[in-house]
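Chemist: Before I ask anything, here is the structure I am working with.
No lab work stands behind these numbers, since they all come straight from the coordinates. Nothing here was measured: the structure is a model prediction, and the numbers come from that model. All Cβ positions, even for glycine, are placed from backbone atoms using ideal geometry, and neighbour counts span all protein chains on display.
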Amino acid sequence: MCGRFVSTTPLTNLAEQLLVDEVRTDDDRPNWNVTPRAPIPIVASTADHVRVLDRVRWGLVPSWAKDLKIGDRQINARAETLRERPAYRHAFKKKRCLIPVDGFYEWQVVTGQKAKQPVFIHRPGGELVVFAGLYEMWKDKSDADAPWIRTCAIVTTAANETIAPVHNRMPVVLPAQHHDTWLDPDNDDVDALSELLGPAPESLLQWYAISTAVNRPANNSPELLEPLAV
């Protein structure tokens, strides 16, 4: 599962690292406490194989949904059921994306402690973490003039041994060598794509405890990433 994350890498850096052809947003504000419904950076490929960086609403809303509220329950999409779930089936086949983050938060159950302990999960060297994602387009059918709204979800899988002490699920982290395959708009081989959706290697990520200040979405600053004093 992934319900909060950090997104502070500048758009120019994201575009360079993810081999983007076109940037369609100028919103470069850093966010140390990204919450559902927020506009988040994603990278997707057009039908003409143009790799685009843009911001879309976090919380996937299928085209057939009656309203945006369904997206609040669909910030994550389980890798094991992408082919069966109506909400994700079409996106898995045709609308895949990359979701770059600097790290993400999770909450750990601690024996003898009533409240869960927040932790920050990241790559040891601070490198970008790139999640597998899905996106969709939605429009309010009751309003002929309503704009199209783009939404997305993070694909999750079973936790590896590093993350398992914190949570039994984790986002799918895609290595660079799989980005082209995942983004290819002509690739609809869902069996082969499913093979990419396993847990990350144990050494890829590490984590440490942080302050409960992160629990409040209104708190949004670099101080959230400071390790908890022992």
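Chemist: As I understand it, the dipole of the chain uses +1 on the Cβ of Lys and Arg and -1 on the Cβ of Asp and Glu, about the Cα centre. Which of Ser7, Ala153, Leu53 lies farthest toward its positive end?
Modeler: About the Cα centre, the residue reaching furthest to the positive side is Ala153.
Chemist: Moving to a separate point now. So how strong a dipole does the stretch 130-230 carry about its Cα centre when Lys and Arg Cβ are +1 and Asp and Glu Cβ are -1, to the nearest 20 debye?
Modeler: Working: 5 positive and 15 negative charges, 115 e Å.
Dipole size: approximately 560 debye.
Chemist: At most 16 other C-beta atoms within 10 Å and a DSSP loop state: those are the exposed GluC sites (Glu not before Pro) I care about. Give me the longest piece of the chain that has none.
Modeler: The segment 1-83 is the longest one with no such site.
Chemist: Further, regarding this structure: Please check the chain for the longest run free of chymotrypsin sites (Phe, Trp or Tyr not before Pro) that are loop-located per DSSP (anything but H, G, I, E, B) and have at most 15 other Cβ atoms within 10 Å.
Modeler: Here the longest run is 65-147.
Chemist: Now for a different question. Answer rounded, prolate or oblate for the stretch 93-210, using the Cα gyration tensor with square roots of eigenvalues a ≥ b ≥ c: rounded when a/c is under 1.5, else prolate when a/b is larger than b/c, else oblate.
Modeler: Numbers: a/c = 2.39, a/b = 1.48, b/c = 1.62.
Oblate, because a/c is 1.5 or more while a/b does not exceed b/c.
Chemist: Something else: Using modelled backbone amide H atoms (1.01 Å from N, in-plane), which distant-in-sequence or interchain residues come within less than 5 Å of Ile75's amide H?
Modeler: For Ile75, the qualifying residues are Leu60.
Chemist: Report ³J(HN,Hα) in whole Hz for each residue of the stretch 120-129, in order, from the Karplus equation J = 6.51 cos²θ - 1.76 cosθ + 1.60 where θ = phi - 60°; Gly and Pro get x.
Modeler: 10, 10, 7, 7, x, x, x, 5, 4, 10
Chemist: Then there is this: Residues with beta-carbon under 13 Å from that of Asn215, excluding Asn215: net charge, scoring Lys, Arg +1 and Asp, Glu -1?
Modeler: On the way: positive: Arg4, Lys116, Arg216; negative: Glu106.
Overall, the nearby charge balance is +2.
Chemist: Another question, then. Loop only per DSSP, at most 12 neighbouring Cβ atoms within 10 Å: give me the trypsin sites (Lys or Arg not before Pro) in the stretch 108-217, ordered by residue number.
Modeler: Numbers: sites: Lys114, Lys116, Lys139, Lys141, Arg150, Arg169; in loops: Lys114, Lys116, Lys139, Lys141.
Sites meeting the loop and neighbour criteria: Lys114, Lys141.
Chemist: Quick one: dipole size for the stretch 14-143, taken about the Cα centre, charges +1 on Lys/Arg Cβ and -1 on Asp/Glu Cβ, in debye to the nearest 20. Please list the in-between numbers first.
Modeler: Values: 22 positive and 18 negative charges, 155 e Å.
Roughly 740 debye for the stretch 14-143.
Chemist: If you don't mind, another one. Do the sum for the chain: with -39,500 (n - 2.57) for every DSSP H run of n ≥ 4, divided by all residues, what is the mean residue ellipticity at 222 nm, to the nearest 500 deg cm²/dmol?
Modeler: Details: 4 runs with 26 residues, N = 230.
Helix-only estimate at 222 nm: -2500 deg cm²/dmol.
Chemist: Something else now. Can you tell me how much longer the chain between Arg83 and Thr25 gets when fully stretched, taken as 0.36 nm per residue apart minus their C-alpha distance, in nm with one decimal? The partial results should precede the final answer.
Modeler: Values: separation 58, 0.36 × 58 = 20.88 nm, distance 3.09 nm.
Result for the pair: 17.8 nm of gain on full extension.
Chemist: Another question about this same structure. Any number yet on Rg/Rh for the chain, C-alpha, Kirkwood?
Modeler: Values: Rg = 17.3 Å, Rh = 18.1 Å.
Answer for the chain: 0.96.
Chemist: From the phi of every residue in the stretch 137-151, what ³J(HN,Hα) in whole Hz does the Karplus formula 6.51 cos²θ - 1.76 cosθ + 1.60 yield, where θ is phi - 60° and glycine or proline is x?
Modeler: With the stated coefficients, the stretch 137-151 comes to 10, 9, 9, 5, 6, 7, 10, 4, 9, 5, x, 6, 10, 9, 9 Hz.
Chemist: For the stretch 77-207, what does the relative contact order come out to in percent, with C-alpha contacts under 8 Å and a separation of six or more? Show your work: numbers first, answer last.
Modeler: On the way: 231 pairs, mean separation 37.2, N = 131.
Rounded, it is 28 percent for the stretch 77-207.
Chemist: State the answer as a single residue: which of Ala213, Gly112, Met137 lies farthest towards the positive end of the charge dipole of the chain, with beta carbon charges of +1 for Lys and Arg and -1 for Asp and Glu, about the Cα centre.
Modeler: Positive-most Cα among the choices belongs to Gly112.
Chemist: Could you compute the FRET efficiency for Val110 and Ala146, with r as their C-beta to C-beta distance and R0 at 45 Å, rounded to 0.05? The partial results should precede the final answer.
Modeler: Values: r = 46 Å, r/R0 = 1.02.
Efficiency, from the Cβ-Cβ distance: 0.45.
Chemist: Continuing with the same structure: In a Gaussian network model over the chain where Cα atoms closer than 10 Å are linked, find which of Asp143, Asp21, Asp67 has the largest mean-square fluctuation.
Modeler: Largest GNM mean-square fluctuation: Asp143.
Chemist: Only Cα pairs under 8 Å and at least 6 apart count here; give the relative contact order of the stretch 1-139 as a rounded whole percent. Don't skip to the end; give the middle numbers.
Modeler: On the way: 258 pairs, mean separation 35.6, N = 139.
Answer for the stretch 1-139 is 26 percent.
Chemist: For Asn33, list long-range residues whose amide hydrogen, built 1.01 Å from N in the peptide plane, is under 5 Å from its own amide hydrogen.
Modeler: Ser7
Chemist: Which value, in debye to the nearest 20, gives the size of the charge dipole of the chain about its Cα centre, when Lys and Arg are +1 and Asp and Glu are -1 at the Cβ?
Modeler: Working: 26 positive and 30 negative charges, 213 e Å.
Computed about the Cα centre, the dipole is about 1020 debye.
Chemist: Are there any trypsin sites (Lys or Arg not before Pro) in the stretch 1-91 that are in a DSSP loop and have at most 14 other Cβ atoms within 10 Å? List them by number.
Modeler: Numbers: sites: Arg4, Arg24, Arg37, Arg51, Arg55, Arg57, Lys66, Lys69, Arg73, Arg78, Arg83, Arg89; in loops: Arg24, Arg37, Lys66, Arg83.
Taking the stretch 1-91 and a limit of 14 other Cβ atoms within 10 Å, the loop trypsin sites (Lys or Arg not before Pro) found are Arg24, Arg37, Lys66, Arg83.
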